[in-house]
Every structure is written in C-alpha cells, then in structure tokens.
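*Asks:* Please find one structure pasted underneath; my questions will follow.
The values are calculated or read from the model by the stated rules, or taken from the named source; none is laboratory data. From a predicted model like this one, the values you see are computed outputs, not experimental measurements. Every residue, glycine among them, receives a Cβ derived from its backbone with ideal geometry; neighbour counts consider all protein chains shown. Note: accessible area is taken over every heavy atom of the protein model, side chains too, but ligands, DNA and RNA are not part of it. Shrake-Rupley method; radii C 1.70, N 1.55, O 1.52, S 1.80 Å.
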Amino acid sequence: MLDSETVETVSSAPDNSAKNNLAARIGWTILTLATLYICYFSHLGAIGFVGPDEPRYAWIARDMVETGDWVTPRLYGKPWFEKPPLFYWGAALCFKLFGVSEAAARLPSAISALLATLALAWLALRLYGPETARWLLLLLPTTVGMIGFSHAAATDMPFSAMLTIAMVCAAVVLGLTRNENSPIIPQTPWLALILFGVFLGLAVLAKGPAGIILVGGAVFLWALFTKRWRDAFRLYHPAALASFFATALPWYVLCARRNPDFFRIFIIEHNFKRYLTPEFQHIQPFWYYLPILLIALFPWVGMSISAVSDVFRKKLGMQLDVSSIYLLTWILLPLIFFSISKSKLPGYILPAILPFALLTATSLAKALCEPKVPMPSGYAVLALTPVLAVAAASGTIYLERSSFLPSKFALALAIIALVSGTACLVFALSRRKVLLLVSGVICVVAFVEAADMWALPAVDTLVSPRRVAQTVREYPQSAGTIATFRLKRGWQYGSNFYLRRELQEWNGDLDQPVLTLVSPDGLRDLRARKIPFTILDRTSLDAMLVEIGRDGKKANNQEH
C-alpha cells in the first residue's frame, strides 16, 4: 500500500511536467522572437546607404512620394526601368509613414524576410512537424545571407520572399501538405491557388519575368522526377491565372502606355541582355555561386552540407520522398539558372538560400530524434563558434587601437567569445545537442546585436557617404555648385541622394573655386597635375571634401 508521501509525489509529477513544458515553450518563444527581431529589424539605420543600388532605389522611392507618380520610376527626373516597382512602392510607403531615412528604406526588405520565414516555417510544420519548424525559425534568420539582405534597401529580398511564398502556396496546390502532420486539405485548395497567383505576380513586380522562370522551372523539374504531371498542371487553374494577371499586369500596361521605350529598355536590355550578354560588366566564372551559397549559409553551412549528403544517401537507396525532391528542385533551379547567366551578382542566389535552410532544419530535426546516432558532421561547425568569436575580438581590439572600431565592441565580443565558448564546450562534451545548438544561435544573435550597436556606426564613414554629405552641408559654399572628381559609383550615387541633387564630374575649370568631393585617386591626380586645392575635411577615406582653385599649401603638406 502506498503511503501519503508517495501518493503526493506521483500526483505532483504531471503538474511538474506541465510546468516544465510551459517553461520550455516560453523559452523557445522568447528565443525565436528575439532572433527574428534582432536579425531582421534591429538597427536598420545604423549605417548609411552602401553601394550604388541603395541610394538609387531610395531616390526613386522618395521621388514617388514627392511627385505622386507611383507608376513611372524616375531617377534624377528621368524614367528608370532597371527594376519593377514593388520595392519602390514599399520604400515610398514607409517614407510616407515614418519619414525619409535609411531604416524606412530598408524596412520593406526586413518585412519581406519575416514574411518569407513565417511562410517557410508553416510549410515545415505541415511537411515535417513542429520540431523542424522551430529549428527553421532559428537557423534561417541567423544565416549571413538573410541578415545581410534583410538590412539592404534593394530588390533581392522582396523578390526572394514573394517567390518563397509562391512556392509554399504551390506546395499546397501540388498536394505535398496532405500528410499525417496536417489536416486534410481539399482537392482544389482555392485559397492556395489565389495566393499562388498573387505572390507570383508580386515576384514579377519585384524583379520581372525571372520569377515565372524560377517557379515554373522548379515545378517542371519536380514533375519530371516524380511523374506527377497532373498535380503540376493544377497551377494553371483559372483562379491562379486570374489572380496572377490581376496582380502583375496593371502596372506593366500602365507603364508601357506612359513610356513607349519601356518594353525595349526593361525587357530587352535589363532582362535578356543582362542574362545573355556581359554588357553590364558583372562577369564571374560559372562556379561563382557555390562559394557565395556557402558564405550565405554561414554559420550553419556544415549542417547544410550534411543535409545534402544525407539526401544523396537516400537517393542512392531510392528513399527520397516527393517533398525532398521539391526542395531540391527549388534549390537547384536558381543555382543553375543564374550560373548560366553572363551577369552575376551575389543577391541573385538568395532564392535558393531559403529552401536550403528548410532542408537543413529537416535533417537536423531528424538527427536530434535519433539519440543513438552520432551527431552529424555538420555540428562540427559549432566548434568554430568560440574560435571565430575570439578571432573577431582579437581583430577588433587591433582595429580599435587603430581608431576604427570602439572598445565597447571589442569588449562585447570578448564576453561573447568567453560565454559561448564555455557553453559550447560543456554541452559538446556532455552531448546535449539541443543546448549546444541553442548556444550557437544565441552566440550569433549576440554578435549581430553587438555589431549593430557599435561596429556599424563606427565604420559608417568608411563605407557610406552619409557623414561626408552632412559635412558638405555645413559649408556655406554647398548652396552653390558642388562637383565630384573620380568618386566610386556607390559614393557618387550616395552623395547625390544625401545632397538631393545629381552631382556632376568636375570639368577642369579653374576660373573660380569649386567645392568638390574627391576620391584618393582623384586627390593624387590633382597633385600630379599641380592643380591648387585646399582640403576642407577628411571625414572619410573614400571621399574627401576639397575646394579646387584655392591655395594648395595645406593639401600638399598632408599626404593621404
């Protein structure tokens, strides 16, 4: 007969288990929300516009708000048909709601990243269960590719996000989600058909006809390998076609009617010529996207490689299911399509990163459910986490002594290195794989937050013209003529945006002093040609403010 103490212990066990489960759910929720916010939304304006694309796209969005013309994208008052308007519309709406700023310009990319991640997590839940969805929500946002492109005022993330959501809807239409992990879905899922057309249309509004090629090509390859042609043809349902044309067609028709050159410039030059010819000078070798993909998947690239090897082992054993084939064709089509292109940029491969992360999360969740199986070789990348943190801390301390980065960032990295290194070592030795992975995620999130808070503002003047433009505005001469001399493209476009004018290249006229933004190469050229000038400000290494036509004694005494 059980005594009262034993009865009390047994009766309290379910309560303790329920409390532990509730605490675990709360912990996972907090970690997931913190990861999504920090990796996608934290400090979007910590750094000024970088490169040639961000300031150009922000200019076009600002022009839409100021002119009220939301049909024809205009750069410096002239029609600009390099990209369709989806990103411009999103940035212009954010400018209208929150004011013109770097954070507002990048907010559409951050929101797009969040929507794509949630859609992919829903697909993971339906296909593979809650564990895979949970790991996807942690692994995908902490990849280098998603962090970088979610913080960029560019078309890559909106295009990839719309494409991802369209592929998720296509998976529902194809019947992939009708399994034991999801409720029964009707044979004709009307909502999925309509949403598939809408988001494919938005992808076409984000970057053009490439969206149709990537989605259609991936589904075609899937049907080819699985012999499920009847399911694939469901995507041609009138509901999907109607929603697609209703979403994508109006802007193309309106823009073509208002601008007779639209078809030639956008379709012929910026699509066919960009893909088939090296005219735009973005020439890279055929294998270019393989290292880019590995970098974009960091720090989980080891687990991604393990996931791929696991897929091939299953294929050799003829155990590959239709869902895995769908993910593989989704990954391979962008990789193959853009590898063939004569024009290659890192952002083109972004549509392959999202399904690759789902494949990685799937493999990881299965491995964690098999305690007797050794940890996959991909876990070995976690051993690099503290090493990389220590290396980053050491490098940062050196840079801080060189007055590039603040000591706070070096201290933060040292703390992250110590804590994460100890945690990873303890959990690896005790083979507590879940806690080991969680430690790795927390380490990445902490590093991103530290970089956003201290590193990016410190290097702002090195990579962005925001501060040098602010310096220019402080000079009385800035109300008149301002010129540039041999600036890089990114600095040229960025200076144009911040100074709200299209700056012209200095023409060599010495009749009157001219306030000029000069690159280091331009400064050496001025010295070589013995042109008199005075350095007014050295805020940045890439663009110095000088006044050409003044006494050059000050400049000649300050070698760059």
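*Asks:* Do we have any residue at all in region 87-103 that's within 28 Å of Trp300 (Cα to Cα) and either crowded, with 24+ Cβ neighbours inside 10 Å or among the aliphatic types (A, V, I, L, M) (or both)?
*Replies:* Within region 87-103 (the criterion being within 28 Å of Trp300 (Cα to Cα) and either crowded, with 24+ Cβ neighbours inside 10 Å or among the aliphatic types (A, V, I, L, M) (or both)), the answer is yes, since at least one residue qualifies.
*Asks:* Could I ask something else about it? Is there a residue being open to solvent by 10 Å² or more (accessible area, probe 1.4 Å), closer than 24 Å to Phe87 by Cβ and of a type in the set (A, V, I, L, M) anywhere in region 132-151?
*Replies:* Looking through region 132-151, at least one residue is open to solvent by 10 Å² or more (accessible area, probe 1.4 Å), closer than 24 Å to Phe87 by Cβ and of a type in the set (A, V, I, L, M).
*Asks:* Checking the structure you have, find out if any residue of region 37-47 is within 15 Å of the chain's Cα centre (by Cα), outside any loop (DSSP other than H, G, I, E, B) and of a type in the set (Phe, Trp, Tyr).
*Replies:* The answer is yes; a qualifying residue exists.
*Asks:* Could you list all residues from region 429-450 that are among the hydroxyl-bearing types (Ser, Thr, Tyr) and open to solvent by 20 Å² or more (accessible area, probe 1.4 Å)?
*Replies:* Residue satisfying the conditions is Ser430 alone.
*Asks:* Name, by its number, the condition in (1) in a helix (DSSP H, G or I); (2) at pLDDT 90 or above; (3) open to solvent by 100 Å² or more (accessible area, probe 1.4 Å) that does not hold for Pro260.
*Replies:* Failing condition for Pro260: (1).
*Asks:* Quick check on my filter: what residues within region 430-474 are part of a helix (DSSP H, G or I) and of a type in the set (Lys, Arg)?
*Replies:* Passing the criteria: Lys433, Arg466, Arg467, Arg473.
*Asks:* Identify the residue in region 66-114 that is of a type in the set (Phe, Trp, Tyr) and in a loop (DSSP other than H, G, I, E, B) and, among all such residues, is farthest from the chain's Cα centre (by Cα).
*Replies:* Ranking the candidates gives Tyr76 first.
*Asks:* State all residues of region 165-214 that are at pLDDT 90 or above and among the aromatic types (Phe, Trp, Tyr); if no residue qualifies, say none.
*Replies:* Within region 165-214, Phe196, Phe199 meet the criteria.
*Asks:* Does Trp70 count as more than 22 Å from Lys488 (Cα to Cα), open to solvent by 30 Å² or more (accessible area, probe 1.4 Å) and among the aromatic types (Phe, Trp, Tyr)?
*Replies:* Against the criterion (more than 22 Å from Lys488 (Cα to Cα), open to solvent by 30 Å² or more (accessible area, probe 1.4 Å) and among the aromatic types (Phe, Trp, Tyr)), Trp70 qualifies.
*Asks:* Residue by residue through region 26-56, note down the ones that are free of Cβ contacts under 8 Å to residues at least 60 places away in the same chain and aromatic (Phe, Trp, Tyr).
*Replies:* The answer is Tyr37, and nothing else.
*Asks:* Right, next: Looking only at region 219-229, decide whether some residue is in contact (Cβ under 8 Å) with a residue 24 or more places away in the chain and either touching a Ser or Thr at 6+ places or on another chain (Cβ under 6 Å) or over 30 Å from Lys366 (Cα atoms) (or both).
*Replies:* Yes, because at least one residue in region 219-229 is in contact (Cβ under 8 Å) with a residue 24 or more places away in the chain and either touching a Ser or Thr at 6+ places or on another chain (Cβ under 6 Å) or over 30 Å from Lys366 (Cα atoms) (or both).
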